[in-house]
Each structure stands twice: as C-alpha cells, then as structure tokens.
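Engineer: Pasting a structure below so you can have a look.
We did not get these values from a lab; they are worked out from the coordinates using the rules stated. What you see is a predicted model, and the numbers here were worked out from it, not measured in a lab. Using ideal geometry, Cβ is built from the backbone for each residue, glycine included, and neighbour counts are taken over all protein chains shown.
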Amino acid sequence: MGTQKKGASRGSEDPVELARVPLQAILLADSFTTKFRPITLERPKVLLPLVNVPMINYTLAWLESAGIEEVFVFCCAHSKQVIDYLESSEWFAQPNFTVTTIESHNSVSAGDALRLIYERNVINGDFVLISGDTVSNMSLTQVLQEHKERRKKDSNAVMTVVIKRSKPSQITHQSRLGTDELFMAIDPNTKQLLYYEDKADHAKGSIYLDKLLLADNPSITLHNDKQDCHIDICSPEVLSLFTDNFDYQHLRRHFLKGLLVDDIMGYKIFTHEIHSSYAARIDNFRSYDTISKDIIQRWTYPLVPDVKFFGNSSIKLERQGMYRASEIGQSRSAQIGPFTVIGSGTKIGNTTKISNSVIGEGCSIGSNVSIEGSYIWDNVTIEDGCKLRHAIVCDGVIVKSGAVLEPGVVLSFKVVVGQQFIVPSYSKVSLLQQPTKQDSDEELEYADNSGGIAEISSITHTVGKLNGEITNQPFETQCWPTSELGTGGAGYVWSICEGGHDEEWRHSVAPIPADKLSEAIHAADDDLELTQDGRSLPPSGELKPDSNDSEYDDDGESRDDSIYFEKEVEATFLRAVHENITVDHVILEVNSLRLSYNKVAADCAGGLFYSLMKLALETPHDSASELVQATTNVLAKWKKLLKYYLAEIDEEIEVILKLEEICESTKEFAPVFDKILYQLYDLEVIQEEAILRWDDEKKDADESDKVFVKQAEKFIQWLREASEEEEEEEEENDEE
C-alpha cells in the first residue's frame with residue numbers, strides 16, 4: 001500500500017481546516033455481486049473492457065478531470081490483478097493525482113470495505129464514494145459546494161446522492177440500464193431524500209409512505225423517473241456510521257435506507273440532480289450494452305474512443321459513428337456498419353458484415369461472417385461463415401466455421417465453439433463448471449483465493465492456469481466434453497442462473513424479445529384495470545395534504561415528458577434502422593413507451609414521423625429533388641410502421657401538423673413541403689380527407705400560419721376538384 005497522508009482530524013468541521021485537505025475519493029474496485037459471472041470468476045469486473053478500455057480507466061479519468069487529488073482504490077476479489085494493472089499503468093505516475101491501493105481478502109460487502117478504510121484513518125474530509133464500474137463526465141464543483149454549504153448549516157447532512165432523470169418502461173419496470181424501477185420521495189424545496197425503494201425490494205405495485213413522513217414534510221415529490229448514478233458525496237461520519245453498525249453491508253439496501261428510517265440519530269441524505277451531464281453505472285449486461293452505445297455515440301465526451309485517455313491506442317472517428325484503429329487488415333469487400341469500433345491488429349475477411357459492435361485488438365475474423373450488436377474482446381478467432389448477434393465474446397475464444405451465437409450468449413475466456421454448432425440464446429459458457437451452490441448477491445468473485453467462492457462440481461480438483469494467472473480454483477482438467485459445444489468444442493454451458501429465464505432477458509445485451517414485451521404489455525393492461533379505482537399514486541408528482549388530481553397537471557412537466565417521449569421514440573426507431581429490427585418489434589417497443597409516458601396514438605405518429613424525416617435529411621443528397629426522393633424512399637420503407645398509428649383522420653392531421661413544424665425549423669425541408677405532402681398522399685399514408693380538413697381548419701388562421709397551406713394550394717385545389725368530380729359521378733350513378 002502507498003503512503004498514508006495524515007490531514008485534519010476525522011470529522012473536523014472547521015472550514016479553513018477542511019479547505020487545506022486534498023479532495024479525496026474512495027473507489028470500490030469490487031462490485032460485491034455475481035451478475036457478471038462466469039466472466040468474473042477469472043477477471044475482476046473493473047478490468048473488463050468497455051469499448052476496448054478497462055472499465056476502471058473511465059472512473060479514474062473522470063475523477064482526475066473532476067479535480068480529485070487522492071484516490072483510495074479498495075481491492076478485494078482478484079486483488080492481485082487489479083493492483084498489478086494499476087501499478088503498471090500511467091495512473092501511478094500522475095502529478096497532482098495520487099492512486100493508493102488498499103487490499104483485503106476477507107471483505108464480503110461494501111460495508112466491510114468502508115469499515116476497513118475507516119480503520120486506516122486515511123480520509124480527512126468530505127470524499128467522493130464511487131465504484132470502478134461507473135462512467136461520468138459531470139463536474140463536481142456544484143455538488144461539492146452544495147454539500148459543504150449544507151454541512152455548515154446542519155452537521156447531520158452527511159451525504160449527497162447524484163441522480164438523473166431516466167424514465168423506466170411501464171411495461172418491464174426497468175430503466176434502459178436494465179435496473180429495476182426506483183421510487184424516491186424528495187422534498188422539492190430542500191432536495192432532501194425522504195424515501196428510497198427499488199422495485200426488487202417491495203411487493204408489486206405497493207408503495208407505503210409513513211404518515212409521519214407526510215405530516216412532517218408539507219411538500220413531498222414522489223418520483224419513479226429517476227436513476228441513481230451511484231456517485232455519492234460523503235462526510236467523514238459516513239465511515240464511522242458503518243463501523244458503528246455492522247448490519248450495514250449494502251450501500252443502498254442497508255445503509256441509505258437505514259439512515260432514512262433512523263429517527264434517533266437524525267442524519268440526513270440529500271440529492272443532486274444532473275441534467276446535461278452523463279453518469280451511469282454498469283450494473284448488469286444490459287447496462288454494459290447501453291453504456292457502450294452511449295460512449296460510441298459520444299454522450300460521455302471527452303471519454304470517447306478517439307480522445308486518448310489511458311490505455312487507448314490511436315483510433316479515428318469516421319462517418320456514422322465508425323471508429324477504426326490505424327493498423328487493421330480489412331478486406332475491400334468487408335462491410336463495416338455504423339456505430340462500430342475496430343481495435344488495432346484485427347483482420348477482417350471477404351464479404352464479412354459488422355454493425356453496431358465493438359471488436360477488440362488482435363482478432364481474426366474470417367470471410368462471410370455476420371456480427372451484429374456484439375462485443376468481441378481481444379485475440380478472438382471467428383472462422384468463416386459464423387453468425388453472431390448480440391453476444392459477448394471474451395479474450396482468446398475460438399468460434400469455428402459455420403457456428404452461430406444466438407442473442408444474449410456470453411462466452412467466457414478461451415472457450416471453443418465447435419463447427420456448425422448453434423449456441424442457444426442467453427447461454428453462458430465457461431471453461432469452469434458452474435458452482436453447485438449459488439452465492440448471495442453480496443458475496444465475492446474469487447479466483448485467486450479459493451475461500452470466497454462456492455464449491456465447484458468436478459471430478460478432478462487441481463491447480464490450474466488461466467490467462468496467465470495461477471488460480472486455486474478447482475476445475476475439470478480432463479478433456480472438455482465435446483458434446484457441450486459441438487465437435488472440437490471446449491467449455492461448459494451453465495444452466496440458467498438464479499432468477500431463471502426472467503432475469504436472462506431482462507439483463508442481457510440482446511434486445512428484449514417481442515414475445516416478452518407482448519406478455520408484459522398484457523400484464524400491464526391487467527394491472528391497469530385493477531388500478532382504475534382512482535386510488536393509485538401519480539407516477540411522478542407533488543404530494544400535498546388534501547391535494548387533488550388537478551395539482552398534478554403541470555404544463556412544464558408534460559412539456560418535458562413530450563420532449564423525452566420523442567427522443568425515446570427516435571432512439572427506438574434508429575436502433576431499428578441500424579440493427580434491422582422488424583416493424584412488429586418496433587411497434588411493441590413504441591407501445592411500451594406510449595404506456596410509460598401516457599401518450600396517445602397521435603403522439604406516436606408524430607414522434608415516428610419526425611424520426612423518419614430526420615433520417616431522410618441525414619441521407620446524402622445534393623439538391624431539393626434528391627431530398628424529396630430520399631424522403632419518399634424512407635416513407636415507403638417504413639410506411640407500415642407509421643400507418644399502424646394512423647387509424648383515425650385526426651392522427652393523419654397530426655402528421656401534417658408535424659410536417660409543418662419540421663419545415664418551419666429546417667430550412668432544407670421548407671421549399672419542398674408541398675412535394676412531401678403529395679408523396680404522403682401518393683403512398684397512401686394520409687388520405688385526401690385529412691388534407692382537406694387541415695386546409696379547412698386553416699381558413700381563419702393568421703397569415704403567418706398559412707404559409708404551407710398556400711404553398712400546397714395547387715395540390716389542394718386538384719384534390720378538391722377531383723373530390724367534386726367523384727361526388728358528381730356518384731350522384732349520376734345513383735340517379736341511374
């Protein structure tokens with residue numbers, strides 16, 4: 001361990017004294033969970049590659065950029081790997097940024113870790129508490145200032161939790177990060193956290209707020225649309241509180257909720273909401289996928305592939321979010337699609353197609369291979385004719401010719417998949433057999449210390465060597481059974497883990513299957529019928545004594561909702577475009593958003609039409625006529641999707657109004673409004689009646705609101721004349 005610095009006495013409240021203390025952080029390099037098994041039996045989670053860079057680098061790069069001067073990295077599972085990595089990295093040679101490791105072999109929870117750090121007496125003032133699987137680009141200045149100001153007025157304000165808006169799906173009750181729906185009660189004036197409960201911890205649909213809580217707080221806002229970023233600003237007392245209460249193991253489930261219900265000590269927790277910044281924790285395989293995509297799409301800037309930070313080689317950003325290292329061997333006939341990263345030293349064969357994927361360094365990918373939405377780590381061999389969709393493939397894996405990885409597959413280190421073998425959806429495969437006894441959620445992933453892992457069912461127990469690391473992990477040393485992974489295959493297919501099939505699809509890198517979404521929608525409809533008695537709480541709104549429903553109708557909130565809804569619809573549509581998702585699946589996803597945001601079909605039609613027009617605008621074109629052609633092509637391709645939400649004339653009128661709105665804000669579209677309106681009619685997306693009713697509704701409008709009606713005057717006139725002719729013909733036929 002590095003040198004320990006002594007500073008102000010623990011809990012010193014003197015602001016002058018505190019000002020001299022370097023800004024400190026505790027980084028937990030252990031998640032104390034088993035969600036990334038079987039991979040984490042062999043390598044610690046913080047060293048797993050995230051867009052080809054070990055996760056911990058993102059956390060350390062952010063802490064340094066945010067002004068932290070001293071970081072204590074707590075290492076437990078695979079501690080030797082973490083310490084060796086850090087000592088050989090550039091982090092140990094930074095001026096004004098000290099990284100010190102603290103090692104423990106018998107801590108089984110975050111609570112144990114913080115108790116040990118308290119005993120070391122190294123934390124001298126307020127500190128940032130974070131785990132090494134967190135990605136952020138937020139500034140700490142404001143939240144630190146708020147925390148310190150509160151502390152001056154109230155010494156019981158011991159913790160500030162960073163949160164961000166992230167509306168969960170009303171269908172699956174999970175956020176885009178795959179985490180469970182979270183309920184928080186916050187005082188809107190002071191931002192004090194009063195209640196914290198995630199869906200996994202409570203009975204379905206039940207929220208119990210203490211009457212005293214409502215009586216003591218004149219104004220409470222209840223939210224289910226916030227994401228916990230797992231970035232905490234803590235006062236030194238937090239460490240002593242863990243030492244005083246050995247029941248505090250889990251940071252949220254025990255400590256945070258424990259303080260919220262403890263009336264005797266009177267400690268308070270506050271929230272700080274970020275809006276434009278990024279912060280998210282990799283909690284499961286779904287959040288691994290989501291955060292990887294966010295990095296590639298540059299939401300995490302400057303922590304992006306082409307901006308060099310530690311461990312990143314020279315890589316360049318090309319069109320459509322494609323990143324390629326300079327030293328790769330790519331066949332001319334290979335197609336690299338959008339939002340894809342290719343690491344250095346990788347070779348790609350003829351007619352191979354790769355899209356929405358991350359490929360590591362030194363990989364060998366054969367000819368006629370298809371890779372979509374997958375994460376291929378370093379030194380992987382994929383032979384000719386293989387198909388991979390939404391899979392994670394660890395270092396050194398060999399996938400033999402013609403093999404198929406179905407969505408959700410995870411192949412751990414050095415696994416071999418036999419020729420033509422199809423690995424079923426959600427399979428987890430490892431050279432290690434599955435432990436016969438499941439660990440609890442807070443136990444450890446030990447491979448370099450056999451004391452922390454459950455026994456392995458195996459005929460031969462011996463010392464093995466995996467990835468260069470000697471392990472005391474007992475595993476099978478006889479020939480791997482080929483029946484598990486086909487001819488020439490090596491590895492064990494784990495049976496479904498605890499949580500069963502339900503957890504597999506919820507927490508996978510694969511998109512949620514259409515059948516699961518459909519089941520969830522039916523279940524949500526049933527739930528809705530049960531709660532129509534008017535006693536259900538609003539999903540997010542202010543609760544006041546004797547309040548009535550009208551107080552929830554906040555224009556600002558609904559306007560925000562519309563913006564968020566449109567963004568989510570657009571993201572869903574773009575995913576469908578880039579990942580070749582079927583129209584029926586997109587409809588299911590949009591329907592779940594519609595329920596979640598309490599929107600109607602017209603809102604869905606408007607959001608989708610905006611997304612279609614944006615896609616057309618981004619299609620390369622050199623003239624107005626080419627733009628109209630690009631728009632026509634997009635509309636023709638996605639007509640079925642848009643038509644699904646156009647059952648009524650009013651919904652068709654919504655599309656025309658949306659077209660007006662787009663033309664007002666986008667100069668390129670303005671001159672061709674009438675031509676696009678004609679194409680919508682010609683493709684039978686909108687009917688003549690909708691156009692004529694829109695024209696009638698504009699009769700008494702201001703001149704400024706009639707710009708596009710006048711532009712389409714000739715076309716409307718032609719429709720009216722054609723309509724009149726039809727009526728005359730019908731009358732003549734009736735007379736006959």
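Engineer: Using only Cα positions of the stretch 600-733, each an equal point scatterer, no hydration layer, compute I(q)/I(0) via Debye at q = 0.10, 0.13, 0.19, 0.22 Å⁻¹ and quote the log10 values to two decimals.
Structural biologist: -0.33, -0.55, -1.12, -1.43
Engineer: Another question, if that's okay. For Phe255, Phe92, what's the fewest-to-most ordering of other Cβ within 10 Å of each Cβ? Don't skip to the end; give the middle numbers.
Structural biologist: Details: Phe255 23, Phe92 14.
Placing the least packed residue first, the sequence is Phe92, Phe255.
Engineer: Can you order the peptides 35-46, 136-147 by their average number of other Cβ atoms within 10 Å per residue, highest first?
Structural biologist: Going by the mean number of other Cβ atoms within 10 Å, highest first, we get 35-46, 136-147.
Engineer: Please compute the net charge surrounding Lys614, taking Lys and Arg as +1 and Asp and Glu as -1 over other residues with Cβ under 13 Å from its Cβ.
Structural biologist: On the way: positive: Lys567, Lys658; negative: Glu566, Glu570, Glu618, Glu661, Glu668.
Around Lys614, the charge tally is -3.
Engineer: Would you please give the residues with an amide H less than 5 Å from that of Ile220, counting only those at least 5 places away or on a separate chain, with H modeled from the backbone geometry?
Structural biologist: Excluding prolines and chain starts, which carry no amide H, the hits are Leu543.
Engineer: Can you work out ³J(HN,Hα) from phi for every residue in the stretch 278-289, in order, using Karplus 6.51 cos²θ - 1.76 cosθ + 1.60 and θ = phi - 60°, giving whole Hz and x for Gly and Pro?
Structural biologist: Per residue, the Karplus-derived 3J(HN,Hα) values read 10, 7, 7, 10, 7, 9, 7, 5, 5, 5, 4, 5 Hz.
Engineer: Continuing with the same structure: If you count, for each residue, the other Cβ atoms within 10 Å and average over each peptide, how do 609-622, 51-64 line up from highest to lowest?
Structural biologist: 51-64, 609-622
Engineer: Can you list residues whose amide H is under 5 Å from Phe339's amide H, if they're 5+ apart or on another chain and H is modeled 1.01 Å from N?
Structural biologist: Long-range HN contacts for Phe339: Gly321, Met322.
Engineer: Continuing with this model, one more query. Which order results if Leu116, Leu657 are arranged by neighbouring Cβ count within 10 Å, fewest first?
Structural biologist: Ordered by Cβ neighbours within 10 Å, fewest first: Leu657, Leu116.
Engineer: Right, next: What order do you get for Asp187, Asp289 when you list them from fewest to most C-beta neighbours inside 10 Å?
Structural biologist: Asp187, Asp289
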